[in-house]
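Visitor: Mind having a look at this structure? Questions to follow.
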Amino acid sequence: MSTPSLLILPGDGIGPEVMAEVRKVIDWFKANRGLELDVSEDIVGGAAYDVHGTPITEETMAKAHEVDAVLLGAVGGPKYDDLDFSVKPERALLRLRKELDLFANLRPAQCFEALTQFSSLKPEVVAGLDIMIVRELTSGVYFGEPRGIITENNERVGINTQRYTESEIERVARASFELARKRNKKLCSMEKANVMESGVLWREVVQKIGDTEYPDVELSHMYADAGAMQLVRWPKQFDVIVTDNLFGDLLSDVAAMLTGSLGMLPSASLGAPRANGRPSAMYEPVHGSAPDIAGQGKANPIACILSFAMALRYSYDRGEDAKRLEDAIEKVLADGLRTGDLLGPKGGTPIGTAEMGDAIVAALASAQ
Ligand code: NAD
């Protein structure tokens with residue numbers, strides 16, 4: 001089998017700053033854990049627009065198709081706000097997601113012990129929380145036809161269509177069952193089968209896949225509105241949640257905020273397994289390019305480093321190393337080291353982006 005590969009796309013704003021810290025982590029795993037990884041790097045977003053007049057070139061797209069995984073920093077910034085939609089930095093993200101057919105968006109909500117104070121919920125509700133929301137990303141109401149604004153009976157009507165085929169539901173259900181199998185073997189599927197036909201089909205298909213292919217995973221169903229309530233009432237009842245594009249958009253943001261800062265949230269978007277068995281994949285922090293702090297060495301690199309931990313687990317089959325990295329982050333936080341976004345009422349030792357990366361590498365080394 002060929003050496004596993006990674007394409008790094010730092011992007012704009014704080015993207016390059018946080019990515020530099022991921023580089024340190026990759027180098028540590030290469031030197032100390034026998035990680036073989038063919039790493040290449042390219043520009044994307046505003047950075048690519050400045051050089052090439054397009055947010056992502058055909059060459060970069062071709063590379064993204066070839067590699068096992070893409071790790072993206074963030075794109076965008078005020079400088080590009082007035083550009084035509086077709087060349088806006090965010091177009092690069094949409095193109096990558098669409099052309100790599102990344103239909104399963106994984107958003108973990110994991111609460112590090114030292115950061116429970118940042119959650120809006122009580123510490124006992126979130127301490128030790130570790131759940132995963134899988135959002136269908138390439139279909140549903142954001143893409144369904146017909147859509148648009150038409151005029152009917154002398155007034156305008158806005159139209160969007162929720163539409164799911166069986167195969168679209170099947171593939172995201174399978175991806176979610178597979179994840180649940182690697183975790184605590186519990187999957188909760190959320191829709192609104194009480195009022196939407198697409199929800200009825202969603203429930204039927206997920207149940208069928210569960211019964212026939214994953215009898216070892218405990219499957220439950222919940223209406224998405226009830227699911228939203230349960231997520232803030234007692235989130236630890238969940239392990240993996242699978243839901244459609246629209247509900248997933250909302251529920252994953254709710255779950256993310258259970259855990260505190262935007263600077264801590266990773267994500268993964270996965271497609272179908274390729275010939276080598278690995279899914280097409282893109283990993284990225286949830287945050288944007290944070291123009292307000294860019295270039296100041298203040299950004300928290302943990303979301304991007306945790307995104308790389310997800311790549312270790314889901315693209316490179318190195319779950320043990322992913323855990324090692326998450327434990328190192330837990331230790332650094334427990335030691336009280338904090339980038340500005342994590343300095344709450346209980347204080348801590350303020351440090352910058354590079355120091356946070358160095359501390360995580362030191363924690364990796366001390367656990368060896
Ligand atoms: P943002 O996530 O960039 O920033 C929101 C706030 O959170 C800011 O105050 C920022 O300083 C802070 N923040 C974000 N990441 C942080 C980190 N790692 N460490 C410390 N603080 C952090 O969202 P925004 O301000 O709405 O958007 C800024 C730009 O980023 C826009 O151009 C937007 O289009 C783009 N954006 C890109 C992505 C992406 O690339 N995936 C996602 C969201 C927004």
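Visitor: What number of residues in the range 314-325 are free of Cβ contacts under 8 Å to residues at least 40 places away in the same chain and either within 16 Å of the ligand (Cβ to nearest atom) or buried (at least 19 other Cβ atoms within 10 Å of the Cβ) (or both)?
Guide: Counting residues in the range 314-325 that are free of Cβ contacts under 8 Å to residues at least 40 places away in the same chain and either within 16 Å of the ligand (Cβ to nearest atom) or buried (at least 19 other Cβ atoms within 10 Å of the Cβ) (or both) gives 1.
Visitor: Does the range 252-271 include one or more residues that are near the ligand (Cβ under 10 Å from one of its atoms), assigned by TED's automatic domain parsing to the domain that holds Val332 and modelled with pLDDT of 95 or more?
Guide: There is at least one residue in the range 252-271 that is near the ligand (Cβ under 10 Å from one of its atoms), assigned by TED's automatic domain parsing to the domain that holds Val332 and modelled with pLDDT of 95 or more.
Visitor: Six or more apart or on different chains, Cβ atoms under 7 Å: show the pairs whose first residue is in the range 29-57 and closer than 24 Å to Asp358 by Cα and in the same structural domain as Arg97 (by TED's automatic domain parsing) and whose second is exposed (fewer than 15 other Cβ atoms within 10 Å of the Cβ) and among the basic types (Lys, Arg).
Guide: As it stands, the answer is Leu37/Lys30, since those pairs meet every condition given.
Visitor: Can I ask one more? When residues of the range 276-311 are filtered for being part of a helix (DSSP H, G or I) and more than 10 Å from the ligand (Cβ to nearest atom), how many remain?
Guide: Looking only at that region, the number is 7.
Visitor: I'm trying to understand the selection: among the residues of the range 8-39, which are among the hydrophobic types (A, V, I, L, M, F, W, C) and assigned to a helix (DSSP H, G or I)?
Guide: Val18, Met19, Ala20, Val22, Val25, Ile26, Trp28, Phe29, Ala31
Visitor: Which of the helices (runs of 4 or more DSSP H) found entirely inside the range 132-248 contain at least 1 residues meeting this: more than 24 Å from the chain's Cα centre (by Cα), of a type in the set (Ser, Thr, Tyr) and surrounded by fewer than 22 Cβ atoms within 10 Å (Cβ to Cβ)?
Guide: Fully inside the range 132-248 and qualifying: 197-213.
Visitor: Read through the list (1) within 12 Å of the ligand (Cβ to nearest atom); (2) within 18 Å of Ser267 (Cα to Cα), then give the number of the only condition that Pro16 fails.
Guide: The failed condition is (1).
Visitor: Another question, then. What is the residue count in the range 172-181 for residues that are of a type outside the set (A, V, I, L, M, F, W, C) and either closer than 21 Å to Lys192 by Cβ or in contact with a Phe, Trp or Tyr (Cβ under 6 Å, 6 or more places away or on another chain) (or both)?
Guide: Residues that pass the stated criteria total 1.
Visitor: Additional query: Can Arg97 be described as under 17 Å from the mean Cα position of the chain (by Cα) and either part of a helix (DSSP H, G or I) or not aromatic (Phe, Trp, Tyr) (or both)?
Guide: So Arg97 fits the description; yes.
Visitor: Separate question: Can you tell me how many residues in the range 103-162 are on the phi > 0 side of the Ramachandran plot and modelled with pLDDT under 90?
Guide: Total satisfying the criteria: 1.
Visitor: Quick test of your reading of the structure: Pro78 fulfils all but one of (1) assigned by TED's automatic domain parsing to the domain that holds Gly336; (2) within 26 Å of Thr259 (Cα to Cα); (3) of a type outside the set (Gly, Ala, Ser); (4) out of contact with any Leu (no Cβ under 9 Å at 6 or more places or on another chain). Name the failing condition by number.
Guide: Among (1) assigned by TED's automatic domain parsing to the domain that holds Gly336; (2) within 26 Å of Thr259 (Cα to Cα); (3) of a type outside the set (Gly, Ala, Ser); (4) out of contact with any Leu (no Cβ under 9 Å at 6 or more places or on another chain), the lone unmet condition for Pro78 is (2).
Visitor: Can I ask one more? Exactly one condition in (1) within 12 Å of the ligand (Cβ to nearest atom); (2) farther than 17 Å from Gly288 by Cα is false for Val39; which is it?
Guide: (1)
The values are calculated or read from the model by the stated rules, or taken from the named source; none is laboratory data. Being a predicted model, the structure only gives us computed values, none of them experimental. We place every Cβ from the backbone using ideal geometry, glycine too, and count neighbours over all the protein chains shown.
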